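A short reminder: the numbers here are calculations on the coordinates, not readings from a lab. Please read all numbers here as calculations on a predicted model, not as lab measurements. Here the Cβ positions follow ideal geometry from the backbone for every residue, glycine too, while neighbour counts run over all protein chains shown.
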Amino acid sequence: MKRALVAVLFMMTAAAEPDVPAETLRAVADRFDRAQIEQDRATLEAMTAPDLVFVGSDGERLDRAGFIAGWMNPAIRFDPIQVADRYFMALGPNAAVVGGEVLLRGTSGSQPFASRIRFADTFRRIDGRWQAVHIQATRIP
């Protein structure tokens, strides 16, 4: 009986915690997006969970190392981005989905490229730090 009461009190306390504010999610997402475009390995490593699952716009599933490696290619340079149709979906105090649409432009070698991508980044607060745990990217024709 005592265990059941403790469990109920725990669930009530957890349920009473407010969702993470949209301003916090915006700051986390902006930092994560900037790290990708600026090819900032240290920030990407800090902001991705060790067990990250990334589903790329080609449908390929990659782990954390594969995701980071994709942004670190020295032959590729990215132009600044603008995120359109952005959304912030809190999933309680310690998790959220952030998504939107972006036109990735830049150069690969000397060749220009442009790809329109719709994305959803799922973040969890782990040991006080926001980290991406799942990323889904879809190429828009």
Item to complete: For the chain, give the magnitude of the charge dipole about the Cα centre (Cβ charges: +1 Lys/Arg, -1 Asp/Glu; no others), in debye to the nearest 20.
Response: 200 debye
Item to complete: Amide H neighbours of Leu91 under 5 Å, at least 5 residues apart or on other chains, H built in the peptide plane: list them.
Response: Val20, Ala96, Val97
Worksheet, complete the sentence: Computed D for the chain, Stokes-Einstein, Kirkwood radius over alpha-carbon pairs, 4 °C, 1.567 mPa s, to the nearest µm² per second, is 79 µm²/s
Worksheet item: How high is the relative contact order of the chain, in percent, with contacts defined as C-alpha pairs under 8 Å that are six or more residues apart?
Response: 24 percent
Worksheet item: What is the spin-label model distance, in nm, from Leu103 to Arg77 if the labels are put 7 Å beyond Cα along the C-beta direction?
Response: 2.0 nm
Worksheet item: If one computes P(r) from the Cα atoms of region 73-141, what percent of pairs lie at distances over 17 Å?
Response: 53 percent
Discussion item. Can you compute the radius of gyration and Dmax for region 44-102, using only the Cα atoms, both in Å?
Written reply: 13.5, 40
Worksheet item: Each residue of region 59-69 in turn: what ³J(HN,Hα) in whole Hz from Karplus with 6.51, -1.76, 1.60 and θ = phi - 60°, glycine and Pro shown as x?
Response: x, 6, 9, 10, 8, 4, 4, x, 4, 5, 4
Worksheet, complete the sentence: Under 5 Å from the placed amide H of Ile76, counting only residues 5+ away or on other chains, we find Gly109
